[in-house]
Amino acid sequence: MSFFFLYGGTAFTALIASIYLFFRKNNAFASDITPPVSLRRWAAAFLAVGFLSHVWWYLFCIYSNDIHSVSYLVVVTIYGLSLLITIVGTLLAMLQDRNRRVWSIIAPVIPFYALLAFDIAYPDGYFLYVAIAYFLLYFVALIIYMVCAVRQYRRWLRDNYADLEHKEVWKSYVLIIFVLLLMIIDGINFGDIVSSYIEHFIALALFGFILWRVETLPLLEIALTEQTSSPSTNIEQLLAEHCVATNLYLQHDLTLLQLSQAVGTNRYYLSQYFSSQGITYNAYINDLRINHFIDLYREAVAAQQPIVAQQLASDSGYRSYSTFSLAFKQRMGQSVTAWMRETAAT
């Protein structure tokens with residue numbers, strides 16, 4: 001009885017969350033953030049599949065429950081394809097990747113269902129073992145593909161954005177881990193009630209995580225057109241005049257495109273310049289901001305003014321103190337507190 005309520009509760013949660021994402025255009029919990037429309041749609045579709053899959057399996061268990069029947073093949077095919085399509089679509093929408101296509105990831109899994117069909121037609125077990133082996137290989141390849149996509153997304157962020165609040169890459173890895181856990185639990189679940197409980201608790205956590213991610217991930221401004229200006233031979237001087245001297249680097253959410261427009265060059269050439277210097281755009285802006293923080297700190301110490309690190313970080317262009325702390329430690333090799341203590345001692 002307790003599992004029945006958990007089963008129904010998981011389905012009901014997925015249904016409510018799906019309806020919320022489908023019919024509400026703006027966030028209810030983070031109204032200041034505008035998420036990608038594609039992410040809301042993919043997440044809503046995934047949650048709808050989560051609800052429908054519970055309905056499908058419930059009806060199958062009542063009316064058939066024969067794993068060697070055509071009805072089982074139909075349910076498994078619909079369940080597997082719809083779940084795979086929507087979860088991959090959700091991840092790519094979370095990465096805001098417009099170059100990768102969902103169908104290219106789904107097509108290789110079709111032979112798995114063809115092998116299941118052969119197993120039903122010729123139930124000697126051979127095609128079933130081949131299908132399982134094929135699916136395991138596909139699943140490993142899919143996980144590797146998703147990890148590579150997330151790593152590429154991380155590089156793209158650091159090459160184009162100065163502020164990474166709410167764009168943290170680890171959250172995309174969390175989604176992959178959830179999918180991996182669900183697939184493992186689902187694969188080894190042979191009617192074990194404990195495995196079923198674990199699977200549903202993981203599903204509930206996944207539903208909550210996706211809903212929260214939609215509420216916190218901002219829409220990234222992706223340029224559709226580029227400037228046609230020719231490359232400048234003195235980008236360093238342009239940056240000194242239009243970024244450093246004007247304190248443009250203190251602007252929140254400053255992007256590579258905005259900086260290239262300010263200095264009068266093309267985003268591609270500006271990115272190439274940073275690469276030639278062995279740094280990323282994100283590292284360049286953080287370096288300027290941390291230097292600004294150090295100057296503000298020393299001025300406050302000289303004037304014997306009260307020092308609040310959070311305020312100095314905000315005045316240095318950081319919207320989030322946690323982001324500043326991470327950038328500061330990467331640049332200085334120690335935490336903000338340790339550096340301030342050491343500086344005060346000297």
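Okay, residues lined up against (1) of a type outside the set (A, V, I, L, M, F, W, C); (2) free of Cβ contacts under 8 Å to residues at least 12 places away in the same chain:
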{"site": "2", "(1), (2)": "yes, yes"}
{"site": "23", "(1), (2)": "no, yes"}
{"site": "44", "(1), (2)": "no, no"}
{"site": "47", "(1), (2)": "no, no"}
{"site": "53", "(1), (2)": "yes, no"}
{"site": "61", "(1), (2)": "no, yes"}
{"site": "66", "(1), (2)": "yes, yes"}
{"site": "74", "(1), (2)": "no, yes"}
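If I filter the range 291-328 down to residues being assigned to a helix (DSSP H, G or I) and of a type in the set (Phe, Trp, Tyr), which single residue comes out as most open to solvent (accessible area, probe 1.4 Å)? Of everything passing the filter in the range 291-328, 321 is most open to solvent (accessible area, probe 1.4 Å).
If I ask for residues that are of a type in the set (Val, Ile, Thr) and open to solvent by 50 Å² or more (accessible area, probe 1.4 Å), which ones from the range 70-103 would you list?
Residues of the range 70-103 of a type in the set (Val, Ile, Thr): 70, 74-78, 85-88, 90, 102.
The answer is 70, 74, 78, 85.
Give the residues of the range 125-154 that are surrounded by fewer than 16 Cβ atoms within 10 Å (Cβ to Cβ) and within 13 Å of the chain's Cα centre (by Cα), sorted by residue number. Those that are surrounded by fewer than 16 Cβ atoms within 10 Å (Cβ to Cβ) and within 13 Å of the chain's Cα centre (by Cα): 147, 148, 151, 152. Set side by side, the residues 181, 175 differ, and just one is modelled with pLDDT of 75 or more, farther than 22 Å from residue 101 by Cα and part of a helix (DSSP H, G or I), which is 181.
Tell me, which residue of the range 329-346 that is in a loop (DSSP other than H, G, I, E, B) and surrounded by fewer than 11 Cβ atoms within 10 Å (Cβ to Cβ) is modelled with the lowest pLDDT? Give the derivation first.
At the first step, the residues of the range 329-346 found to be in a loop (DSSP other than H, G, I, E, B) are 333-335, 346.
Filter once more, so that each one left must be surrounded by fewer than 11 Cβ atoms within 10 Å (Cβ to Cβ): 333, 346.
Working: 333: 90, 346: 70.
The residue in question is 346.
Tell me, yes or no, whether the range 184-200 has at least one residue that is touching a residue at least 40 places away in the same chain (Cβ under 8 Å), open to solvent by less than 40 Å² (accessible area, probe 1.4 Å) and under 17 Å from residue 86 (Cα atoms). Among the residues of the range 184-200, not one is touching a residue at least 40 places away in the same chain (Cβ under 8 Å), open to solvent by less than 40 Å² (accessible area, probe 1.4 Å) and under 17 Å from residue 86 (Cα atoms), which makes the answer no.
Identify the residue in the range 32-69 that is of a type in the set (Ser, Thr, Tyr) and either open to solvent by less than 80 Å² (accessible area, probe 1.4 Å) or in a helix (DSSP H, G or I) (or both) and, among all such residues, is nearest to residue 125 (Cα to Cα). Talk me through it step by step, then tell me what you get.
Keep residues of the range 32-69 that are of a type in the set (Ser, Thr, Tyr), which gives 34, 38, 53, 58, 63-64, 69.
Cutting the leftovers down to either open to solvent by less than 80 Å² (accessible area, probe 1.4 Å) or in a helix (DSSP H, G or I) (or both) gives us 38, 53, 58, 63-64, 69.
Details: 38: 42, 53: 26, 58: 26, 63: 24, 64: 21, 69: 14 Å.
The extreme case among them is 69.
When you look at residue 242, is it modelled with pLDDT under 90 and either touching a Lys or Arg at 6+ places or on another chain (Cβ under 8 Å) or under 26 Å from residue 320 (Cα atoms) (or both), yes or no? When the stated conditions are applied, residue 242 does not pass them.
Residues in the range 246-266 that are within 19 Å of residue 154 (Cβ to Cβ), out of contact with any Phe, Trp or Tyr (no Cβ under 7 Å at 6 or more places or on another chain) and open to solvent by 10 Å² or more (accessible area, probe 1.4 Å): how many?
We begin by selecting, within the range 246-266, every residue within 19 Å of residue 154 (Cβ to Cβ); these are 253-257.
Those still in the list that are out of contact with any Phe, Trp or Tyr (no Cβ under 7 Å at 6 or more places or on another chain) too: 253-254, 257.
Filter once more, keeping what is open to solvent by 10 Å² or more (accessible area, probe 1.4 Å): 253, 257.
Result for the range 246-266: 2.
Considering each residue of the range 300-313 in turn, none proves to be under 18 Å from residue 158 (Cβ atoms) and among the aliphatic types (A, V, I, L, M).
Every condition in (1) in contact with a Cys (Cβ under 6 Å, 6 or more places away or on another chain); (2) at pLDDT below 85 holds for residue 223 except the one numbered (1). Taken together, 22, 29, 3, 12 contain a single residue that is open to solvent by less than 70 Å² (accessible area, probe 1.4 Å) and not basic (Lys, Arg), which is 3.
Hey, among 281, 249, 297, 268, which residue is at pLDDT below 90 and of a type outside the set (S, T, N, Q)? If you could, list the steps in order and put the result at the bottom.
Values: 281 fails: at pLDDT below 90; 249 fails: at pLDDT below 90; 297 fails: at pLDDT below 90.
Just one listed residue meets the conditions, 268.
Selection of the range 83-124 for residues being outside any helix (DSSP H, G or I) and within 29 Å of the chain's Cα centre (by Cα) yields 95, 96, 97, 98, 99, 100, 101. So for the range 112-120 (the condition being closer than 29 Å to residue 173 by Cβ, at pLDDT 80 or above and surrounded by 13 or more Cβ atoms within 10 Å (Cβ to Cβ)), does at least one residue qualify? Yes, the conditions are met somewhere in the range 112-120. All of 39, 15, 47, 21 fail the test of being touching a Lys or Arg at 6+ places or on another chain (Cβ under 7 Å) and under 14 Å from residue 211 (Cα atoms), apart from 21.
The values are calculated or read from the model by the stated rules, or taken from the named source; none is laboratory data. Quantities reported herein were computed from a predicted structural model and do not represent experimental measurements. Backbone-built Cβ (ideal geometry, glycine too); neighbour counts: all protein chains shown. Accessible surface is based on the protein model in full, side chains and every heavy atom, while ligands, DNA and RNA are left aside. Shrake-Rupley method; radii C 1.70, N 1.55, O 1.52, S 1.80 Å.
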